[in-house]
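The block underneath contains the structure these notes are about, expressed in structure tokens.
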Amino acid sequence: MTGLQAYRSIAERAVDEAVGWLSTASDDWTARRFKASGEEVTDADTEVEARVTRVLADLSPDVPVIGEESAPEHDRLPERCWLLDPIDGTMNFTRGAPMYAVSLAYVRGGAPVLGVIHAPALARRWATDPLVTAPAAGTAGGGDLRRAVVGLSGTGSGALPVRGFLGRLQEEAYRLRMQGSMALDLVGVAEGWLDACVCVAPKPWDVAAGVALCRERGRTVLGAAGEAFVFGSPLLVAGAAESARALVELWRRG
């Protein structure tokens with residue numbers, strides 16, 4: 001078993017722990033409260049993070065775990081780490097909507113190289129394949145934005161630059177879809193039920209697993225300046241190369 005195969009197995013076991021617990025958790029765990037940032041959080045978020053972290057600490061004690069609910073602000077990522085969003089789409093989770101997911105990625109050298117995303121309410125799991133050594137052929141080109149179905153997330157701030165971008169996007173894209181989960185928007189791009197997606201102000205744990213999955217499937221993943229996406233960018237766009245570049249240009253119009 002290669003190194004990444006071993007980490008994939010560890011990631012699957014950790015996500016299994018989260019999904020197994022979520023399947024038995026009562027509605028009491030879904031009661032929402034608010035972080036200082038205004039984002040919703042539940043006791044289920046913190047419990048899933050604790051359970052996944054314990055599995056990872058036991059099976060890969062040399063790799064630190066950076067989880068959304070316990071990560072310190074503004075710290076640089078270690079050279080190697082796990083990035084965990086215990087429930088991506090908490091707002092959906094608290095309301096009984098199915099579009100939420102456990103998202104776990106293994107990061108090396110500042111880039112996600114392995115990802116596992118599980119949507120419990122959909123009974124679906126997506127994961128990168130450690131045996132894939134090159135992106136899938138024939139999937140990274142094309143993509144007319146005027147015919148593209150585009151997923152959109154992270155726009156809740158209502159800031160003027162975001163509102164302006166939304167207006168331009170509605171004029172240019174064929175259809176918009178707002179599912180409320182960056183992880184599942186990226187899954188949609190990887191799977192093909194979205195032609196592209198835009199994630200505004202993504203945190204590393206929001207998108208790491210989905211970025212790994214999209215890149216493995218040959219999708220283009222860009223940051224706000226049109227370069228290959230890196231953590232810390234205020235924008236992530238993913239899709240076929242043409243539509244991804246067009247979305248960046250829409251954003252850069254200010």
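The values are calculated or read from the model by the stated rules, or taken from the named source; none is laboratory data. Computed from a predicted model, the values in this text were never measured in an experiment. FYI the Cβ positions are ideal-geometry reconstructions off the backbone, even for glycines, and counts take in every protein chain you see. For accessibility, only protein heavy atoms count, side chains too; no ligands or nucleic acids. Shrake-Rupley method; radii C 1.70, N 1.55, O 1.52, S 1.80 Å.
Per-residue answers, yes or no, for (1) out of contact with any Gly (no Cβ under 9 Å at 6 or more places or on another chain); (2) in contact (Cβ under 8 Å) with a residue 40 or more places away in the chain; (3) open to solvent by 20 Å² or more (accessible area, probe 1.4 Å):
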site	(1), (2), (3)
Gly192	yes, no, yes
Val200	no, yes, no
Ala212	no, yes, no
Thr220	no, yes, yes
Val230	no, yes, yes
Pro234	no, no, yes
Ala241	no, yes, no
Legend entry - Spans of strands (runs of 3 or more DSSP E) in the range 1-115 with at least 3 residues in contact with a Cys (Cβ under 7 Å, 6 or more places away or on another chain): none
Legend entry - Matching residues, the range 23-55, being over 19 Å from the mean Cα position of the chain (by Cα), open to solvent by less than 50 Å² (accessible area, probe 1.4 Å) and within 27 Å of Arg80 (Cβ to Cβ): Glu47, Ala50, Val55
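Is it the case that Val52 is closer than 15 Å to Ile10 by Cβ and in contact (Cβ under 8 Å) with a residue 40 or more places away in the chain? Show your work before the answer.
Working: closer than 15 Å to Ile10 by Cβ: yes; in contact (Cβ under 8 Å) with a residue 40 or more places away in the chain: yes.
Criteria met by Val52.
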Inset, instruction - Looking only at the range 174-181, decide whether some residue is within 17 Å of the chain's Cα centre (by Cα), under 24 Å from Glu242 (Cβ atoms) and either touching a residue at least 40 places away in the same chain (Cβ under 8 Å) or in a loop (DSSP other than H, G, I, E, B) (or both). - result: yes
Inset, instruction - Inspect the range 155-167 for any residue being farther than 30 Å from Arg80 by Cα, among the charged types (D, E, K, R) and open to solvent by 10 Å² or more (accessible area, probe 1.4 Å) and give the result as yes or no. - result: yes
Legend entry - Where Glu17 falls short, out of the listed (1) open to solvent by 50 Å² or more (accessible area, probe 1.4 Å); (2) farther than 23 Å from Ala212 by Cβ: (2)
Inset, instruction - Go through the range 57-109 residue by residue and tally those that are more than 17 Å from the chain's Cα centre (by Cα), acidic (Asp, Glu) and crowded, with 16+ Cβ neighbours inside 10 Å. - result: 0
Inset, instruction - Looking at (1) more than 20 Å from Gly115 (Cα to Cα); (2) surrounded by fewer than 24 Cβ atoms within 10 Å (Cβ to Cβ); (3) among the hydrophobic types (A, V, I, L, M, F, W, C), find the lone condition where Val150 falls short. - result: (2)
Inset, instruction - Within the range 209-254, track down each residue that is assigned to a loop (DSSP other than H, G, I, E, B), hydrophobic (A, V, I, L, M, F, W, C) and within 17 Å of the chain's Cα centre (by Cα). - result: Ala224, Phe229, Val230, Phe231
